[in-house]
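The values are calculated or read from the model by the stated rules, or taken from the named source; none is laboratory data. The shown structure was predicted, so the numbers you read here are calculated from the model rather than taken from an experiment. We place every Cβ from the backbone using ideal geometry, glycine too, and count neighbours over all the protein chains shown. With ligands, DNA and RNA removed, areas are computed over all heavy atoms of the protein, side chains included. Shrake-Rupley method; radii C 1.70, N 1.55, O 1.52, S 1.80 Å.
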Amino acid sequence: MGAVRRPGAFVCGIDAAMDVIGGKWKVLILWALNEQTCRFGELRRLVPGITEKVLTSHLRELEDDGIVHRKVHAEVPPRVEYSLTPLGFALNEALGPLGAWGREHVLGQGAPQGVPGGPKGSPHARNPHATADRVPADCADDS
């Protein structure tokens, strides 16, 4: 794992995990990257409302924490792609139950009945360790 911002200050595992995913946007970035490798502009469109400055900052932090991989292609103009590392896919797996809790207790939607559109619509389509019953329906592509 990359640089930890608060060494020795964590009270428990939840505290440590929240340091990695804390904030309004990081979880949405993780779900977007779980579907596909994205360039910066694609990510910005997939996470409406995020500013370039915040997206840049969060991507750097997630990269430092070993959650996101940044690949720079040696081209002119430069092309940079972001994807999840195995640790990032594992983190999204852990966030699945949190999404289910939010749907049931905050949105009042109950448990998901599956992912519309099959594997292509699933945020876990690229993750061979994921199962469709763990995909939060509010994060799946319903189109």
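Paramagnetic label reach from LEU46 (point 7 Å along Cα→Cβ; backbone nitrogen cut-off under 11 Å): within segment 16-36, residues 28-36.
Peptides 26-39, 49-62, ordered by how many other C-beta atoms sit within 10 Å of their residues on average, highest first, read 26-39, 49-62. On a per residue basis, segment 1-87 carries 59 Å² of accessible surface, using protein heavy atoms and a 1.4 Å probe.
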